[in-house]
1. By average Cβ neighbour count within 10 Å, what is the ranking of 67-73, 100-106, 22-28 from highest down?
2. Over the chain, what is the relative contact order in percent, taking alpha-carbon pairs closer than 8 angstrom and at least six residues apart?
3. Could you work out how much longer the chain between residue 177 and residue 122 gets when fully extended? Use 0.36 nm per residue separation minus the Cα distance between them, nm to one decimal.
4. Under a point-charge model restricted to the Cβ atoms of Lys and Arg (+1) and Asp and Glu (-1), what is the dipole moment magnitude of the chain relative to its Cα centre, in debye to the nearest 20?
5. So how much slack lies between residue 59 and residue 86, counting 0.36 nm per residue of separation and subtracting their Cα-Cα distance, in nm?
6. Between residue 149 and residue 36, with labels modelled 7 Å along Cα→Cβ, what's the label distance in nm to one decimal, could you check?
7. Cβ under 15 Å from residue 125's Cβ, residue 125 left aside: what net charge do those residues give with Lys, Arg +1 and Asp, Glu -1?
8. Would you calculate, for the chain, the mean residue ellipticity at 222 nm contributed by helices, counting each DSSP H stretch of 4 or more residues as -39,500 (n - 2.57) and dividing by all residues, to the nearest 500?
Amino acid sequence: MGADIIMLATPEIGGLPYVVSGLVAAGGLAAALSTADGLLLTISNALVRDLYARDIGHAISPEQRVILSKFALLGVALLAATVASLKPADILPLVSASFSLAASALLPAMVIGIFWRGATRRGAVAGMLAGFGVTVYYMLANTPALRLALGLPPTSALWFGIQPVAAGVFGVALGALVTVLASLATRRAPAAPLPHPGIP
């Protein structure tokens, strides 16, 4: 029996009315839909606002931006449905990998940028690229299909025994270190104070 069937059948096995099974199913479906809806809205708005409106179509009205966001949402949803229909892996490893990638790319720059005034734009970008890069490398280097295609040994070369879906721990640490070092290297020296007019 599948895990989903067991979860839905548990209330009835425990002697509860069948309505409880319906509530459990409705709760799971609502949680999945709300999460997917939030992510789709975020992705579509980011594509239109940060990529198109800023770099391509500078003079677009708010109404055009809303319309483009809806079309972008539809395109992203179709792309996600296509990838899901191919079933490249179970959903849990994919979700874990997505959180690792997001944490390694965004968390160090965001936290350091908020709590440290010495952070610079170049430092944040360098930290994001370093964290994201090492996380992607670790995930790809431990993918059995890729190792087989490259002629590498099938056994994974794990660092400290950490699974590839949790590679964000390396990305966050490296991203924070690179953000600090790059910010220190690219930070401008404070300007010298101007002399008072009455002082020679």
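1. 100-106, 67-73, 22-28
2. Once divided by the residue count of the chain, the mean separation gives 20 percent.
3. 18.5 nm
4. 880
5. 5.8 nm is the gain from fully extending residue 59 to residue 86.
6. It is 2.7 nm.
7. +2
8. -23500 deg cm²/dmol
Throughout, read-outs are computed from the coordinates displayed, never taken from laboratory work. Note that the structure is a prediction, hence the values are computed from the model and not measured. Neighbour counts are summed over all protein chains in view; Cβ atoms, including those assigned to glycine, are modelled from backbone coordinates with ideal geometry.
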